[in-house]
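Just below is one structure, and these are the notes that go with it.
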C-alpha cells in the first residue's frame, strides 16, 4: 500500500485529511523497487530484489539493466545496479524502462 498527500493544496492547508491510498500489485511493487532504488546513491541490491520478487522477475529486469548499461545509463558489478552520471541526467527515461515489465512475480 502506498499513501500520498493529495495535490489539493487548499484542502491540505485547511487541515482536511487528504491522504490518498493505493494498493499496489506485486508487479507494480517490483517496478517501484527498481526505480526507487535507483534514486539512491547505493543503488539496487539485486539479491534483495530477487528474494522479494523472485528470480524470473529479476531476470527480466536484468535484461533492461543490460540494455541500459550498453547505453551508458546504468552500471552494475553483478550485485548492485546504479545510475551513471549520464543516467542521472536521463533518470526519468531510465525509470520508464522498468515500467510495464511483462513478468509474473513470485
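The values are calculated or read from the model by the stated rules, or taken from the named source; none is laboratory data. If you're wondering where the values come from, they're calculated on a predicted model, not measured in any experiment. Here the Cβ is made from the backbone with ideal geometry for all residues, glycine too, and neighbour counts use every protein chain on show.
Some points to look at:
- Residue match in the range 66-75 (condition: touching a residue at least 24 places away in the same chain (Cβ under 8 Å), in contact with a strand residue (DSSP E or B) (Cβ under 8 Å, 6 or more places away or on another chain) and surrounded by fewer than 12 Cβ atoms within 10 Å (Cβ to Cβ)): no
Quick grid of which residues meet (1) loosely packed, with under 15 Cβ neighbours inside 10 Å; (2) more than 14 Å from residue 95 (Cα to Cα); (3) touching a helix residue (DSSP H, G or I) at 6+ places or on another chain (Cβ under 7 Å):
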site: 5; (1), (2), (3): yes, yes, yes
site: 11; (1), (2), (3): yes, yes, no
site: 14; (1), (2), (3): yes, yes, no
site: 30; (1), (2), (3): no, no, yes
site: 34; (1), (2), (3): no, no, yes
site: 40; (1), (2), (3): yes, no, no
site: 47; (1), (2), (3): yes, yes, no
site: 51; (1), (2), (3): yes, yes, no
site: 77; (1), (2), (3): yes, yes, no
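- When residue 57 is tested against (1) over 25 Å from residue 5 (Cβ atoms); (2) touching a strand residue (DSSP E or B) at 6+ places or on another chain (Cβ under 8 Å), only condition (2) is not met.
- Close pairs (8 angstrom Cβ cut-off, 6 or more residues apart or separate chains): on the phi > 0 side of the Ramachandran plot and at pLDDT below 95 in the range 86-106, outside any loop (DSSP other than H, G, I, E, B) and surrounded by 12 or more Cβ atoms within 10 Å (Cβ to Cβ) anywhere: 100/31
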